[in-house]
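Taking it in order: structure first as structure tokens, then the write-up.
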Amino acid sequence: MDMILEYDLLDHPHKHEPSSIGERWANIKLKLFRDDTHFKTIVDWQWDAVVFFSWLQQNIINILNEPLPIPVCQESIAKCLFDFYKNLDDEHLDDDLLDAVYSYRVRHGLRFGLRGTDIPNIYLGMQDRKHYVSFYDEIEEWNYEISLDIFLNQLNNAYFLIKT
């Protein structure tokens, strides 16, 4: 399954505010395609493309190569992270592991690339030498093995165009 990046530049809705200088407002979509057919849209959000694409560029090496720091995880990345926090034991906290898991979330959670938004906790990462995009909460769950080849080319092109 291929993950595809699409974006359309838009007029900035807050262009008269000083904080908007340097921002490039866009409708950003991450879509999954199976056999060249649209399967699922995992992100459809309007935000500053510079911020999101920069976050992806800064974290792509980790997304491609970093294993989940939770020692035993047989579930999706999102489910493992959800369960890790749900099952924390205040009496037996491992501060180093807690810091490692939080740092992992910062590098792999799309919510951290779109700070200030209320998107779901969707994670990109590697597990068992394969790449996945996953989401988990108590209502919904999904986990898809993905190819990132097309996405990486699109990200590099988009990042270059957004920065110029």
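The values are calculated or read from the model by the stated rules, or taken from the named source; none is laboratory data. Since this is a predicted model, take the numbers as computed values, not measurements. Here Cβ is always computed from backbone atoms with ideal geometry, including for glycine, and neighbour counts include all displayed protein chains.
A few points about this structure:
- Whichever residue in segment 60-74 is more than 18 Å from the chain's Cα centre (by Cα) and surrounded by 14 or more Cβ atoms within 10 Å (Cβ to Cβ) and, among such residues, is modelled with the highest pLDDT: I70
- Only residues that are closer than 14 Å to K79 by Cβ and surrounded by 15 or more Cβ atoms within 10 Å (Cβ to Cβ) were counted in segment 121-141, giving 10.
- Pick from segment 111-155, criterion assigned to a helix (DSSP H, G or I) and without any contact (Cβ under 8 Å) to a residue 60 or more places away in the chain, ranking: farthest from Q46 (Cα to Cα): N153
- Residue ID - surrounded by the fewest Cβ atoms within 10 Å (Cβ to Cβ), chosen from residues in segment 7-21 that are in contact with a strand residue (DSSP E or B) (Cβ under 9 Å, 6 or more places away or on another chain) and not hydrophobic (A, V, I, L, M, F, W, C): D11
- Only one of the listed residues (I77, I61, I70) is free of Cβ contacts under 8 Å to residues at least 12 places away in the same chain and among the β-branched types (V, I, T). That residue is I61.
- E23 in a loop (DSSP other than H, G, I, E, B) and touching an Asp or Glu at 6+ places or on another chain (Cβ under 6 Å): yes
- Selection from segment 89-110 of residues that are loosely packed, with under 14 Cβ neighbours inside 10 Å and not in a helix (DSSP H, G or I): D89, L93, D94
- Scanning segment 1-15 for residues that are assigned to a loop (DSSP other than H, G, I, E, B) and closer than 19 Å to L152 by Cα gives a single hit, M1.
- Answer from W55, W47 - the residue that is closer than 28 Å to D99 by Cβ and either free of Cβ contacts under 8 Å to residues at least 40 places away in the same chain or not in a strand (DSSP E or B) (or both): W55
- For segment 22-39, a tally of residues being exposed (fewer than 15 other Cβ atoms within 10 Å of the Cβ) and aliphatic (A, V, I, L, M) returns 0.
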